[in-house]
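Remarks on the structure that follows.
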Amino acid sequence: MAGHIVPARTYFLVFAALVVLTAVTTAVAFVDLGPLNTVVALAIAVCKACLVVLFFMHVKYAPGLTRVVVVTGFLWLALLIGISLSDVVTRPWTPIPQGWQTSSASPSPANQP
Amino acid sequence: MATAALEPQVEFRTHYLNHAYGIKSWLLTTDHKRIALLYLASVTFFFFVGGAAAVLMRLNLLEPTGSLLEPATYNKLFSMHGIVMIFFFLAPAVPAVLGNFLIPLMIGARDVAFPRLNLLSWYIFMLGGAILMYAVIAGGVDTGWTFYTPLSTSYATGNVVAAAMGVFVSGFSSILTGLNFIVTIHKMRAPGLTWFRLPLFIWSMYATSCIFILAMPVIAITMVLLALERLFHVGIFDPSLGGDPILFQHLFWFFGHPEVYVLILPSMGVISELVPCFSKKRIFGYSFVAFSSVAIAAISFLVWGHHMFVSGQSVYAGLVFSALSFAVAIPSAIKVFNWTATMYKGSVSYSAPMLYAIGFIGLFTMGGLTGLFLASLATDVHLHDTYFVIAHFHYIMVGGAVMGYLGGIHFWWPKMTGRLYPDGWARFAAGVIFVGFNLTFFPQYVLGYLGMPRRYPVYPPEFQVLNVMSTAGASILGIGYLIPLVYLIWSMRYGPPAGQNPWGAKGLEWEKALSPPPPENFEETPVVTEEAYNYG
Ligand code: HEM
Ligand SMILES: [Cu+2]
């Protein structure tokens, strides 16, 4: 909080790290990693976000209560995404006996009750 | 001379109401007490706007063909009613009026932590309200307060984007208020006022503020996504653009269910103040009541899917949401039992605020228990989107939250204005409201169970008797709300002086602050040496 003075060097180092990570993201975009494409891109993005939050937003030097607030924010985001996924992921588990029918297809006799 | 002695003796003293005059002294004030009164005037306005829409709807439902209103008008009315009542009346009512007024007084502070931010919150709130009123006047909005897609993005013809922006803007007001309250409660408590000596109203305001901060950003961003899809066809919710319509319901109810607890938690806090005072007993199980507020705030974020059982949501997710919804009923029940246990063997008196409190306990219990019917998967398939749901949440939000708000206004009115209102009229009004409320909403449980869907302007003739009962109740309820409006305004000028502590209540706001309080609240910083509710 107020009182803690961060040396300018730290800011420049963090900035350099962010630039390097941006370059890595761009470079990786040219390599096809299959399903890992998104995973890698997001992992790098998360690292960058952490750097910004910890250093530029001073959370690393903040008192405990402030850190609790920050962690809670991210935890709640995780709840929102995670529990919503619990619906999206399990939706196809329910067997649909007749199969879906698109509105354009004419009803086939087999599907009539 | 003998008559002069009987006249109330009002000695002249500077207090927050008379230390400055003129419209500017109100519109530019940073005094939390004056800001509370600004909110009081604003939410009262919105309450009667939303109420007018309800009256028109009930009149339309007097007969099965609904001949009073065009169906399209009816859609606009229930949408406006819901949006106004939830976002512009009930959400700010207790926190922004009573919370603003009382938090600094209850914790022995001179003001909230950020007084200017507090005033800004009011301006943002009014801006949101103005945008909504524009949407209404410019032709209305017909999506319901839930703004479901694809209706809101592709089919609705009204001013969806304007209404959504009104909600968006007002959300920031709530976020800033929540932030202000949290910092105030952490940082500005008087010496000796430990967390477990805090009045329970403060605990409930703290829990409410946490919900504001965690839930409001989600509705704000959801409204932006909705506008993006409606205006620019960005594919977020529309399957033909690669979106998922159920995603909208997830986002909406992730905010929506915690929001409904924002509406009830503050009133629960009020009840926790009223019941010990009018039973002259310490609250039963202080820490249970305190922690149940926190538990409600936390669990309320895990149950949202119970609004989506028949939406196409996965049945497995539905199972989990159903179980968690039962869990959220536990802390609510703890509160009800503890209030009742507080009254047990207390010397209970039945002044107007206590009548509202007792009404709250009974009606909230009915609303909460019917919530369990709805949280059960199989029964909800039958009851979803029927009048049973309408009755459920009106028992909680009107029978519970509004009763608590009115009880709180009646309890702290002498502190806010320095005047007493006529107690007889107040008790009469509480009775009228209780009767009118039950006559309005109990028949709706039956109607819903019998299968009458919500949001329709017409219904089969066999439902007419119950609908007429409901409309009759609504008229009584409406009169019940007008009576306090009249005598409270009357009392501001003609009411007898209240004195510092007319109820013999505990708490810094009664024991250490004059009525009305001076601009800086306390002459000297109070020091707390005892527990809350140290009655007898
Ligand atoms: C005791 C805990 C509660 C449970 C288990 C519960 C359960 C439910 C369920 C399952 C529904 C969805 C019904 C349906 O649409 O088919 C519902 C609707 C609703 N509940 Fe509750 N509820 C509880 C407490 C509350 C509280 C405290 C409030 C408000 C202060 C509230 C306000 C609402 C509202 C506004 C709706 C309707 C939303 C809409 O579709 O417009 N509920 N409740
Ligand atoms: Cu809910």
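Things worth noting here:
- Every residue from the range A:58-72 that is among the β-branched types (V, I, T) and more than 8 Å from every other protein chain (Cβ to nearest Cβ): A:V59, A:T66, A:V68, A:V69, A:V70, A:V71
- Per this entry, B:F48 is counted among residues that are open to solvent by 30 Å² or more (accessible area, probe 1.4 Å) and closer than 20 Å to B:M126 by Cβ.
- Among the conditions (1) within 16 Å of ligand 2 (Cβ to nearest atom); (2) open to solvent by less than 10 Å² (accessible area, probe 1.4 Å), B:Y261 misses just one, which is (2).
- Helices (runs of 4 or more DSSP H) within the range B:291-388 that include 2 or more residues out of contact with any strand residue (DSSP E or B) (no Cβ under 9 Å at 6 or more places or on another chain), within 14 Å of chain A (Cβ to nearest Cβ) and near ligand 1 (Cβ under 9 Å from one of its atoms): B:315-343
- Only one entry in B:F288, B:F284 is part of a helix (DSSP H, G or I), away from chain A (no Cβ under 13 Å) and more than 13 Å from ligand 1 (Cβ to nearest atom), namely B:F288.
- Exclusive hit being open to solvent by less than 70 Å² (accessible area, probe 1.4 Å), of a type in the set (A, V, I, L, M, F, W, C) and within 14 Å of chain B (Cβ to nearest Cβ), set A:L80, A:L85, A:L75: A:L80
- Residue match in the range B:180-192 (condition: of a type in the set (S, T, N, Q), within 16 Å of ligand 1 (Cβ to nearest atom), modelled with pLDDT of 95 or more and within 30 Å of B:E530 (Cα to Cα)): no
- Unique residue being open to solvent by 10 Å² or more (accessible area, probe 1.4 Å) and under 24 Å from B:I86 (Cβ atoms) when the list is B:F434, B:F428, B:F360: B:F434
- Meets criteria (within 16 Å of ligand 1 (Cβ to nearest atom), farther than 24 Å from B:G305 by Cβ and either assigned to a loop (DSSP other than H, G, I, E, B) or open to solvent by less than 20 Å² (accessible area, probe 1.4 Å) (or both)) for B:P266: yes
- Residue list for the range B:217-238, restricted to those being open to solvent by 50 Å² or more (accessible area, probe 1.4 Å) and either of a type in the set (F, W, Y) or within 12 Å of another protein chain (Cβ to nearest Cβ) (or both): B:P217, B:I221, B:F232
- Filter pass, B:F278 being under 28 Å from B:G367 (Cα atoms), assigned to a helix (DSSP H, G or I), open to solvent by 40 Å² or more (accessible area, probe 1.4 Å) and away from chain A (no Cβ under 14 Å): no
- Filter result for B:P457 (surrounded by fewer than 20 Cβ atoms within 10 Å (Cβ to Cβ) and either of a type in the set (D, E) or not in a helix (DSSP H, G or I) (or both)): no
- Selection count where residues are within 11 Å of ligand 2 (Cβ to nearest atom) and over 21 Å from B:D244 (Cβ atoms), scope the range B:317-327: 2
- Where B:Y286 falls short, out of the listed (1) in contact (Cβ under 8 Å) with a residue 60 or more places away in the chain; (2) within 13 Å of ligand 2 (Cβ to nearest atom); (3) of a type outside the set (A, V, I, L, M, F, W, C): (2)
- Within the range B:39-66, no residue that is free of Cβ contacts under 8 Å to residues at least 12 places away in the same chain and over 23 Å from B:Y459 (Cα atoms) sits with its Cβ atom under 8 Å from a residue that is open to solvent by 20 Å² or more (accessible area, probe 1.4 Å) and of a type outside the set (S, T, Y) at 6+ positions apart or across chains.
- Matching residues, the range B:289-316, being more than 19 Å from the chain's Cα centre (by Cα), within 14 Å of ligand 2 (Cβ to nearest atom) and not hydrophobic (A, V, I, L, M, F, W, C): B:G305, B:H306, B:H307, B:S311, B:Q313
The values are calculated or read from the model by the stated rules, or taken from the named source; none is laboratory data. What you are looking at is a predicted structure, and each value in this text was computed from that prediction instead of being measured. Methodologically, a virtual Cβ is constructed for each residue, glycine included, from the backbone with ideal geometry; neighbour enumeration extends over all protein chains shown. Calculation scope for accessible area: heavy atoms of the full protein, side chains included, ligands and nucleic acids excluded. Shrake-Rupley method; radii C 1.70, N 1.55, O 1.52, S 1.80 Å.
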